[in-house]
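Report on the structure given below.
The values are calculated or read from the model by the stated rules, or taken from the named source; none is laboratory data. In this text the structure is predicted, and so the values were computed from the model without any measurement. Neighbour counts run over all protein chains shown; Cβ positions are idealised from the backbone, glycine included. Heavy atoms of the whole protein, side chains included, go into the accessibility calculation; ligands, DNA and RNA do not. Shrake-Rupley method; radii C 1.70, N 1.55, O 1.52, S 1.80 Å.
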Amino acid sequence: MWGELHEEKEIIISLCETIEAGKANRLFRELGAQLHYDVYDFPAVSYENWQSESLLHVTLFYNGKEVDAQENFNGISLVFPFAVRPSNDQPKALNLINQIIAKFNGVATYQDQEYSASLVQTDWDSCNDFLLKEWGEEPGSQSLAIMIAENYA
């Protein structure tokens, strides 16, 4: 059921060079990220108590191995909490993803395909459609969040 609820969507960014932690911190902060000890996220402007407080979650990698924000890295995973953010946040997330790709001079993929915002939005629109038709829900709704929580209980 998890996949049917479209809980989250991931974009992978491969970097042409290893980025040092200090430089990365500056770049992420310039884009609006917050550092929570060892991980970054991009806070949502507003949210209900059942919605994610983050627009994007960031995971860093060095040669395929997950690393903390205090370490150098050459890969970035950006996760948009699709089901627990309203659909009007999707273009905001994609705009931010584009900025991150440009800022870090990376090459991005989505579902093993070359990333483009239009490709991703087309897929996300299909997911929006599926959630409405199959479950009668839209991303960011309280009842969808409850369905996801019950799936883990």
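Might you report the magnitude of the Cβ-based charge dipole of region 15-153 about its Cα centre, with Lys and Arg at +1 and Asp and Glu at -1, to the nearest 20 debye?
420
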query = In degrees between 0 and 90, to the nearest 10, how far off the longest principal axis of the chain does helix 90-103 point, with axes built from Cα atoms?
reply = 10
query = With the Cα gyration tensor of region 42-106 giving a ≥ b ≥ c as the square roots of its eigenvalues, does the rule (a/c under 1.5 for rounded; else a/b larger than b/c for prolate; else oblate) give rounded, prolate or oblate?
reply = prolate
request  = Could you calculate the contour length gain from GLU53 to ASP123, that is, 0.36 nm times the residue separation minus the distance between their Cα atoms, to one decimal place in nm?
outcome  = 22.9 nm
query = What is the spin-label model distance, in nm, from GLU134 to ASN63 if the labels are put 7 Å beyond Cα along the C-beta direction?
reply = 3.9
key: the chain: Lys pairs at Cα distance under 25 angstrom, eight or more positions apart or on different chains   = 10
message = Rounded to the nearest percent, how much of the accessible area of the chain (1.4 Å probe, protein heavy atoms only) is carbon and sulfur?
response = 47
query = If you take the beta carbon distance between TYR152 and ALA21 as r and set R0 to 35 Å, what does 1/(1 + (r/R0)^6) give as a FRET efficiency, to the nearest 0.05?
reply = 0.60
ask   = Which one, [x] 0.98; [y] 1.52; [z] 0.95, gives Rg/Rh (Cα atoms, Kirkwood Rh) as derived from the coordinates shown?
value = [x]
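Where nothing but the Cβ of Lys and Arg (+1) and of Asp and Glu (-1) is charged, how large is the charge dipole of region 64-120 around its Cα centre, in debye to the nearest 20?
Approximately 200 debye in magnitude.
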Part-to-part distance (alpha-carbon centres) for region 36-81 and region 105-153, which is given in Å = 18
